[in-house]
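Before any comments, here is the structure.
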Amino acid sequence: MPGWHALTEPHRKAGHLKVVGILQEQHPDRCALFMQWKQMDWPVWLDALNLLQLPAVPYTLLVDEDGRIESVNPTQEAFLAFMEKPPRKMELQSSQPLDRSPEWKMPRLPSDEALEVSAWLEAGQGFFQGAWSSHSMTCLKAFQQALLLEPENGWIHFRLGVVYGRLFDEDPSQPMPLFARAISHWKQALALDPNQYIWRRRLQQYGPRLDKPYAFYDWIDA
């Protein structure tokens, strides 16, 4: 990421490029410290549940003026070639562009008898992203119900761990062993798919240094 920051800096300063990061494999506070240390000032969006379902990072996309993906995980040479292309004239494809965002609707829990895992996951994701402050425990219930229906689903274990982790961040003094439950579900997710890099890195943030294949985030001790 720091390499891309340096490479893109002149283009960003000239107003020819916008850079946005999406965070999935680490805690947002840790990312904020890293961004501050490396003096990277572009926005980073949090995808804590990994709704993009990426198996690993970094995952770099070059997107043109029309929103079309030009390249996936480009080399530095491919990036420079992309920036040398003259901008195209943008043509509106719709005579009635949206003047506001689509209306957000409060998610609803399925009935307790519902057997569709997707319905429970959709509700849980909706509460997590748009109604957490007043419905955090409802969000937790949704993911718990999904796990009851598919106990060997690594994605549900991972996301349930994220919910427990967020509850712990907000109130570490709660009597419920929230952090331990988060770690437990992340471990179960990783056991089901040992090659899922993002799940592994989420765990390795908190584990012993010897468990890491390299000096993982050693800048924190600097």
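The values are calculated or read from the model by the stated rules, or taken from the named source; none is laboratory data. It should be emphasised that the depicted structure is a prediction, and the values quoted were computed from it without experimental measurement. Counting neighbours? That spans all protein chains shown, and the Cβs are built from the backbone with ideal geometry, glycine included.
Quick notes on this structure:
- When Leu210, Leu148 are checked against the criterion of being at pLDDT 95 or above and assigned to a helix (DSSP H, G or I), Leu148 stands alone in meeting it.
- For Asn195: the one exception among (1) touching a helix residue (DSSP H, G or I) at 6+ places or on another chain (Cβ under 9 Å); (2) exposed (fewer than 15 other Cβ atoms within 10 Å of the Cβ): (1)
- The listed residue being modelled with pLDDT of 95 or more and either outside the structural domain of Pro28 (by TED's automatic domain parsing) or farther than 14 Å from Pro107 by Cβ (or both), out of Arg166, Arg202: Arg166
- Hey, Ser133 over 23 Å from His157 (Cα atoms) and either modelled with pLDDT of 90 or more or in the same structural domain as Asp171 (by TED's automatic domain parsing) (or both) or not: no
- Residue identified as at pLDDT 85 or above and either within 30 Å of Tyr164 (Cβ to Cβ) or surrounded by 12 or more Cβ atoms within 10 Å (Cβ to Cβ) (or both) among Thr75, Thr60: Thr60
- Residue count, the range 118-135 (criterion: surrounded by 17 or more Cβ atoms within 10 Å (Cβ to Cβ) and without any contact (Cβ under 8 Å) to a residue 40 or more places away in the chain): 8
- Residue among Gln36, Gln53 that alone is of a type in the set (S, T, N, Q) and more than 28 Å from Leu190 (Cβ to Cβ): Gln36
- Considering the range 151-175, and only residues there that are part of a loop (DSSP other than H, G, I, E, B) and not hydroxyl-bearing (Ser, Thr, Tyr), the residue that is farthest from Asp112 (Cα to Cα) turns out to be Pro172.
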